[in-house]
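Since every read-out is calculated from the coordinates, none of them should be taken as a lab result. All figures in this text were calculated on a predicted structure; none of them were measured in a lab. Here Cβ is always computed from backbone atoms with ideal geometry, including for glycine, and neighbour counts include all displayed protein chains.
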Amino acid sequence: MAAGDSAALQRLLSRWCGPVFSVFDKSREPGDAAEATAAVFETLFRTAAKYDPKTSFDDRIWSIVVREAERAPRSSVPAIPSARLKESAAARAALMRAAVAALPPGERSAFLLTRVARLPLPLAAASSGTSEAEICRRLVRAFTALTETLAPLYAPRATEPEPPRDTVETP
Amino acid sequence: MNCAELRQRIVDPSSASTGGHAPVVAHLQECGECRSLARAFGEVERLFGAADRAFPPDDLDERIRRRLARAPGAVPRLLRDPRILGAAAVVAIAIGAGLLLRPRGRETTAAPAAPRSQAIRDAKPTAAEGPPPAILAIRSTPIAVGGAPLSDAEKAQALGVRPLEFVEFVPVLVALDPFFPETLSGAAPRSLGRPDSPEDVMTRLIAWDDAGPTGRERWLQLDRAFGATEAALRRQVELRWGVVGGFTPEEKSGLRRIVSRLVELDEKRRARVSADIRALARYPARERRTRWRSLPFARGLTGQEIASGEKLLLSF
């Protein structure tokens, strides 16, 4: 790619455009998500000469995605009337995007990498330049915040649920 | 297992395959708070798991390719040649002049740009002529910014040209014609005049020095090309800079991208889009904003492009 091989660029785009875009799409409007995706590929291209082929390419591209995902400042979550949320899928999607965008940068990227890109914890940690334990701590904080902001979407039960019997539901 | 350990365990996506549920179950049976939290975490997980898969826009590949083509490392060597750059600038401004001076409301006729290259060739460059003695008197001491001291002649040249950011932005200002009122009035922005404060002088000389020989040659070519255009066009472009010059770099970048989107359209569609944008001037500011965002052209823009166009439209 660094040498201007257009076939290599095409393969790269075919393989990675979708996964990278889907990560940004969960925290930004589609237009901004496309822009962020393009920025990732631009960075990848600009720094191609420095890439060591012996290192993992997954790690390389996801670390650029992390930087781009964390660059956006935290935004606030808009108040959307419950009636609107009930009738409009677009409103529900907007609330989910806003909830993720409102997370602090490190928690946001940890959530996006593990829950949207579905990266295993070790790869998410390596791409974020931190430890697996720290990623877990960030995820706990992210999930805790999301349970509050997204409560209108899953209508938590008013009563305390029964304790599990023989199986445990883990996310 | 305590509450913190349990919570870290249940957010680990691989925890299901690692086994050892007994301590988790035991803790959940004892702790109502963790039980409730685990259920809520599961609900959040399900929300994102059930969300529709996002597909990138059809033109994303193409947009990335264009962006890569503009990346600094991808500039073809040919385009680094100052002579080629200068010639390109002259052509761009000549075409821009044709577009700007074309009567409004007749876009659909798609009149070709009037050839002005002869006039431009014949016109003598004016911007770099005549040293500015007062400023040189202030800066009579040798100025060396990261290299050999600039001579008086070089200082005169550096201080006589228009700002680089402006001359580079001229084609964008011309192409954004539909966003501006037909004529602007007022005084040309001060930023386009000769630097007059010691700080401005120093800033200009540093920029000149930083540009390097190739950059300086290109700067001069752009400045000469602009100086050689008709006075009426020059004045309108300068007044437009008075509106846009204060925009942030991101907003200016958004405007550049709007222009590249306009340029990509075929002539007929560009004329239609231009007419739509011009029609927005009839509406009060608040309505203009809504109508701009609902234009089919704007719906294909990024958030930054929409915001930049909106700011420009609401500047009048």
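The table for this structure:
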| read-out | value |
| --- | --- |
| Crossing angle, helix A:132-149 versus chain A [Cα axis fit, 0-90 degrees, rounded to tens] | 50 degrees |
| Selection from B:LEU255, B:GLY303, B:LEU280, by position along the positive dipole direction of the stretch B:247-316 (Cβ) | B:LEU280 |
| Set of aspartates and glutamates near B:LYS155 by C-alpha distance (under 19 Å), chain-local residues within fewer than 8 positions excluded | B:GLU129, B:GLU165, B:ASP196, B:GLU199, B:ASP200, B:ASP209, B:ASP210, B:GLU217, B:ASP223 |
| Computed magnitude of the charge dipole of chain A (debye, nearest 20; Cβ of K, R +1, Cβ of D, E -1) | 180 debye |
| Within 10 Å of each Cβ in A:130-139, the average number of Cβ atoms from other chains | 3 |
| Reachable lysines from B:LYS311, criterion Cα separation under 19 angstrom, eight or more residues apart if same chain | B:LYS252 |
| Cut-off 15 Å between beta-carbons: net charge of the residues surrounding A:SER88, Lys and Arg +1, Asp and Glu -1 | +2 |
| Average other protein chain Cβ within 10 Å of Cβ, residues A:38-48 | 4 |
| Rounded, prolate or oblate (a/c below 1.5 giving rounded, otherwise prolate when a/b exceeds b/c) for the stretch A:23-69 by Cα gyration tensor | prolate |
| By average C-beta atoms within 10 angstrom, highest first, the peptides A:21-31, B:206-216 | A:21-31, B:206-216 |
| Environment charge at B:ALA207 (Cβ cut-off 11 Å; Lys +1, Arg +1, Asp -1, Glu -1) | -2 |
| Three-way shape call for the stretch B:247-316 based on the alpha-carbon gyration tensor, with the a/c threshold at 1.5 | oblate |
| Calculated FRET efficiency for the pair B:ARG235/A:SER75, C-beta based, R₀ 41 Å, to 0.05 | 0.45 |
| Cα-based Rg of the stretch A:1-139 normalised by 2.2 N^0.38 Å, two decimals | 1.13 |
| Hits among aspartates and glutamates - C-alpha to C-alpha of B:LYS268 under 20 Å, sequence gap 8 or more where chains match | B:GLU107, B:ASP177, B:ASP276 |
| Exercise: per-residue mean of other protein chain Cβ atoms within 10 Å, B:34-41 | 6 |
| The stretch B:264-305 shape via C-alpha gyration tensor axes, a/c threshold 1.5 | oblate |
